[in-house]
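The values are calculated or read from the model by the stated rules, or taken from the named source; none is laboratory data. Quick caveat, the model's predicted, so the values are computed rather than measured. Virtual Cβ from ideal backbone geometry, glycine too; neighbours counted across all protein chains shown. To get the accessible areas, we keep the full protein, side chains included, count just its heavy atoms, and leave off ligands, DNA and RNA. Shrake-Rupley method; radii C 1.70, N 1.55, O 1.52, S 1.80 Å.
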Amino acid sequence: MLVYVLMEEEPAITLPWNSLCAWFKQTESTCFEMAHGKSVLDLASQHPEFNNLYNEGMASNTLSLMTVVVRDYSETFRGLRSLVDVGGGTGTSTRIISEAFPHMKCTIFDLPHVVATLPESTTIDSIGGDMFEFIPQADVILLKLILHNWNDADCVKILKRCKEAISSKEDGGKEIILDIVLNDDDMTDDKTKETQLFYNMIMMVTLGSKERSEDEWHKIFTDAGFTEYKIKPVFGGVRSILEIYP
Ligand SMILES: C[S@@+](CC[C@H](N)C(=O)[O-])C[C@H]1O[C@@H](n2cnc3c(N)ncnc32)[C@H](O)[C@@H]1O
């Protein structure tokens, strides 16, 4: 988690918060773009040091979450023959899943400049590409901390691409999304709500995107053609596993 905290405290990440006031008065770009003149992904692709910190920050966050997910929610992955981790970054999630379920064929799919930095592996495939264009086929697609980066229309496009790539429902096809489901009910404690809202602010400042309530998730799933979904809260609801079925 330490590298994740270092990433959030990196001046390139904190600077855009100073643009919040100006950002509210316009509709053209994100706080991040106002501060840097480019998106976080463009900055990452052009500056290897920032790229490394961003990828390693995400990886350290992933390590704690995925260790719990494969241990306490192993039924989510059981019986699956293949998985593609879309936007898999440095592959931390994929490696944890592959070690826990060695019979599953696991593939990391990410932008070419990210895949280019991955170490060689005999057990995990890696493919570079653009998820808006093409996603490799598998029983299941994993989207961990991906959809909260995008607006609703882009989420629907990504989910439709994923739907083309997964097996049929009868063959166990599904998408596994790890993200936040915003809770505003009396059952959720204030610390959890505060953490969820802080992540919501981070998404707004960095990418102009957002975390979503269950109703908002339901709408994009339906718009992308999915018929059923299941939500499993992790870390008391700070994160959730959302399984969606074609
Ligand atoms: C917030 S990171 C999440 C990384 C990883 N899933 C995790 O949770 O640690 C978003 C990832 O999406 C990737 N990404 C962004 N746009 C993409 C695209 N068009 N096609 C494929 N991957 C993309 C980024 O390179 C980055 O690795």
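Things worth noting here:
- Calculated from backbone phi, Karplus (6.51, -1.76, 1.60) coupling profile of the stretch 210-222 in Hz, x at Gly/Pro: 7, 8, 10, 7, 4, 4, 5, 4, 3, 5, 5, 5, 5
- For the stretch 126-217, the spread of Cα coordinates along the three principal axes comes to 40, 30, 24 Å, biggest extent given first.
- Volume per residue for the stretch 67-131 equals 77 cubic angstrom (convex hull of Cα atoms).
- Computed from backbone phi, the HN-Hα couplings of the stretch 40-54 come to 4, 5, 5, 4, 5, 6, 9, 10, x, 5, 5, 4, 5, 5, 4 Hz, rounded to whole numbers (Karplus: 6.51 cos²θ - 1.76 cosθ + 1.60, θ = phi - 60°; Gly and Pro given as x).
- Two-decimal log10 I(q)/I(0) for the stretch 2-245, as the Debye equation yields it once each C-alpha is a single scatterer, q = 0.10 Å⁻¹: -0.47
- Label-to-label distance, nm, for residues given as K38 and K193 (7 Å Cα→Cβ offset): 4.1
- Each of L159, L43, M58 was placed along the dipole of the chain (beta-carbon charges, centred on the mean Cα), and the one lying farthest toward the positive end is L159.
- The simple Förster model, with R0 at 35 Å and r as the Cβ-Cβ distance, assigns H103 and F235 a FRET efficiency of 0.80.
- Computed lengthening from E49 to D130, 0.36 nm per intervening residue step minus Cα-Cα distance: 26.9 nm
- Once you reduce the stretch 201-236 and the stretch 111-186 to the center of their Cα atoms, the two points are 14 Å from each other.
- Rounded accessible area of W23 (nearest 10 Å², 1.4 Å probe): 40
- Percent of beta bridges antiparallel (DSSP, the chain, rounded to nearest 5): 35
- MRE, 222 nm, helices only [DSSP H, n ≥ 4, -39500 (n - 2.57), over the chain, to nearest 500]: -13000 deg cm²/dmol
- Between helix 152-165 and the chain: long-axis angle, C-alpha atoms, 0 to 90°, nearest 10: 20
- Summarising the overall dimensions of the stretch 23-160 from its C-alpha atoms, the Rg and Dmax are 16.1, 53 angstrom.
- Less than 5 angstrom separates the built amide H of V181 from those of S240, all sequence-distant by 5 or more or on a different chain.
- Protein-only accessible surface at a 1.4 angstrom probe places the residues M58, M187, M34 in the order M187, M34, M58, largest first.
- At q = 0.12, 0.24, 0.28 Å⁻¹ the log10 of I(q)/I(0) for the stretch 38-106 amounts to -0.38, -1.00, -1.23, computed by Debye summation with a single uniform scatterer per C-alpha, solvent ignored.
- Once the Cα-Cα distance is subtracted from the 0.36 nm per residue extended length, the T14 to R71 segment shows a gain of 17.1 nm.
- For Y73, the accessible area of its heavy atoms, probed at 1.4 Å with every protein chain present, is near 50 square angstrom.
- Solvent-accessible area, 1.4 Å probe, carbon plus sulfur percent, for the chain: 55
- Placing +1 on the Cβ of every Lys and Arg and -1 on the Cβ of every Asp and Glu, with no other charges, gives the chain a dipole of roughly 380 debye about its Cα centre.
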